[in-house]
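The values are calculated or read from the model by the stated rules, or taken from the named source; none is laboratory data. Since the model is a prediction, treat every value here as computed from it, not as a measurement. All Cβ positions, glycine included, derive from the backbone under ideal geometry; neighbour counts span all protein chains shown. The accessibility values were calculated without ligands, DNA or RNA, using every heavy atom of the protein model including side chains. Shrake-Rupley method; radii C 1.70, N 1.55, O 1.52, S 1.80 Å.
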Amino acid sequence: MARKSETKPEKGKKNADGTKKPGRIKQIIEVFKYTQEIDRSTLPLMLVALAVSTAVGVLLTTLIFSSPWYGIFMGLAIGVLIAMMILARKAERAAFGRIKGQPGAALAAMQSIRRGWHVDDEPVQIDPRSQKMLFRASGRAGIAVVAEDSSSVSMKMLEKERRSIRRVLQHDNVPVHQLVVGDGEGEIPLHKLPTHMQRMKKQLTKDEAAQVTKRLNALHRSLRQSIPKGVDPMRARPNRKAMRGR
């Protein structure tokens, strides 16, 4: 007779540290609390979406079926869906606002793009003195090189990276987009960077985009050689006094 295993399957998923992951509803509540603290308009907009959807549903079903009950259930369902979409958008913006101004914030925004772009995991250019960084992604829209500000150092690195890319691509007709994150004229706000990149016009086929990515791998170089010992740009901490305006 086969011996039964004494081990029992674990109930629920756990984090890497062994703690139990919160349920889906608890996660939504936590996201809502965090977002509402940062953006007070979150709850009013969600309630408005719920009320308007219910009112429209009641009005339509009353006119068509001479009964408001179908509209109540249909309006509530649609209202909850719209409210969740509002919460998701507000939460994403709040998360970007939290990391805004920190080194690597642009990379985090780029990595939130689910499809259409191949994003390099490390900076492609870094200035050892100022710790300014550039990030790069390739896709069917071409190549996007992203700077985190419009300083003269970042602009020089953008131009240097553009020339390096052109040399590797052997003057192929591949668009190279130079993007600058910021709130100034001609700059892209951090929370709008993923949407901006996704809306870029596709000019390459999938095979051409894959070939471009392979060629860019030849341009990849180890940044550790140009970084002073003891300095890790991916772990650089922002100047908190400067962020508070002191």
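Is the stretch 74-96 home to any residue that is of a type in the set (Phe, Trp, Tyr) and at pLDDT 85 or above?
Within the stretch 74-96, the first condition is being of a type in the set (Phe, Trp, Tyr), and the residues that meet it are 96.
From what's left, at pLDDT 85 or above: none.
Checked against the condition, which is being of a type in the set (Phe, Trp, Tyr) and at pLDDT 85 or above, the stretch 74-96 yields no hits at all.
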task: Please specify each residue of the stretch 1-58 satisfying the condition of being open to solvent by less than 90 Å² (accessible area, probe 1.4 Å), of a type in the set (Val, Ile, Thr) and at pLDDT below 85.
output: Thr19
- request: Please identify the pairs in which a residue from the stretch 88-112 that is within 19 Å of Ala137 (Cβ to Cβ) has its Cβ atom under 7 Å from the Cβ atom of a residue that is among the aromatic types (Phe, Trp, Tyr), counting only partners at least 6 apart or on another chain.
  value: Ala106/Phe135; Leu107/Phe135; Ala109/Phe96; Met110/Phe135
- request: Identify all residues within the stretch 117-132 that are open to solvent by 20 Å² or more (accessible area, probe 1.4 Å) and part of a loop (DSSP other than H, G, I, E, B); write none if there are none.
  value: Asp120, Asp121, Glu122, Asp127, Pro128, Arg129, Ser130, Gln131, Lys132
